[in-house]
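Colleague: One structure, as structure tokens, below. Some questions next.
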Amino acid sequence: MHLWAFVFASSLLGLAAVAQIVVTPFSTTGYLDEAKADTSDFNSGGTISVNVYIITIPKNLLFEFPAAFVPFVKVAADPSLHGYEVSINGNVVNGQIRAGQISIAQLSMHFGNGYIESVGDGSIQILNGPLIRINDPNGVFSKSYNLKPFFTADDENPSIAAFTGFPMCIPRSTSDEKCPDSNRPAGQRSFNAPDPAVMAPFKAGDFLEFAGIKLGNEIICSEIRIFA
């Protein structure tokens, strides 16, 4: 066989193989019914069940939480996440659903706003509303809280902040050097912090927006923004 004929025949075989791969887009949002990792490896893939669909999770795919990205193997190991809302975008490849992007939340529109009535021991009471806490496993913005670490606040690109981007905090004590009362001029809602190297404390009367998950009668927040 001549070389050109061999190359032509090989190309046709390659095209035939490609033509057999059928790919269509896929998306769904629903409750997480089940999650199984293939191995215990950090980057393991596996499968999840959502809305009766069985969806393949490829290796190295991270679950997107409100302010964190978490390996699938850790999600699969936490049965308390069953029943949470997940949104998946991906493809159906020869009949198999493969996830390409996946996010998870207790409720995707779980947020609120209001005025601060009082700031207490690691918590904020919203006027005529819920008691909220910062989900802060590393104790950056407030007292450490780690019951739901996957739904953490972002403590490197602060998600607890004024709308100007300045990081805010709940004092751990009356002499908290990381959240000093002196960094919030008395009686001012719109302010310039005297010391830009430390955070400014929330104050009664601040108007804020918050987003998080509900545990008992409290909202455990991954994001809080005040209008200041």
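The values are calculated or read from the model by the stated rules, or taken from the named source; none is laboratory data. Worth saying up front: this structure is predicted, and the values here are computed from it rather than measured. Using ideal geometry, Cβ is built from the backbone for each residue, glycine included, and neighbour counts are taken over all protein chains shown.
Colleague: Can you list the strands (runs of 3 or more DSSP E) lying wholly within the range 48-144 that have 1 or more residues being in contact with a helix residue (DSSP H, G or I) (Cβ under 6 Å, 6 or more places away or on another chain), among the aromatic types (Phe, Trp, Tyr) and in contact (Cβ under 8 Å) with a residue 24 or more places away in the chain?
Modeller: Qualifying strands (runs of 3 or more DSSP E): 62-65.
Colleague: Do we find a residue being exposed (fewer than 12 other Cβ atoms within 10 Å of the Cβ), modelled with pLDDT of 90 or more and not assigned by TED's automatic domain parsing to the domain that holds residue 214 anywhere in the range 1-19?
Modeller: no
Colleague: Over 16 Å from the mean Cα position of the chain (by Cα) and either closer than 26 Å to residue 172 by Cβ or among the charged types (D, E, K, R) (or both): does that describe residue 121?
Modeller: So residue 121 fits the description; yes.
Colleague: Which members of the range 35-47 meet the condition of being over 19 Å from the mean Cα position of the chain (by Cα) and not in a loop (DSSP other than H, G, I, E, B)?
Modeller: 36, 37, 46, 47
Colleague: Enumerate the pairs (first residue in the range 197-209 and at positive phi and assigned to a loop (DSSP other than H, G, I, E, B); second residue anywhere and of a type in the set (Val, Ile, Thr) and crowded, with 17+ Cβ neighbours inside 10 Å) with beta-carbon separation below 7 Å, excluding pairs fewer than 6 apart on the same chain, so at least 6 apart or on different chains.
Modeller: Cβ pairs passing all conditions: 205/116.
Colleague: Please identify the pairs in which a residue from the range 164-190 that is aromatic (Phe, Trp, Tyr) has its Cβ atom under 7 Å from the Cβ atom of a residue that is not in a loop (DSSP other than H, G, I, E, B), counting only partners at least 6 apart or on another chain.
Modeller: Qualifying pairs under 7 Å: 166/200.
Colleague: Quick one: is residue 111 modelled with pLDDT under 95 and not aliphatic (A, V, I, L, M)?
Modeller: The answer is yes for residue 111.
Colleague: When you go through 191, 166 one by one, which is the residue that is under 29 Å from the mean Cα position of the chain (by Cα), more than 17 Å from residue 221 (Cα to Cα), aromatic (Phe, Trp, Tyr) and surrounded by 12 or more Cβ atoms within 10 Å (Cβ to Cβ)?
Modeller: Criteria check complete, one pass: 166.
Colleague: Same structure again: Can you tell me which residues in the range 99-111 are buried (at least 18 other Cβ atoms within 10 Å of the Cβ) and over 14 Å from residue 29 (Cα atoms)?
Modeller: Answer for the range 99-111, where residues must be buried (at least 18 other Cβ atoms within 10 Å of the Cβ) and over 14 Å from residue 29 (Cα atoms): there is none.
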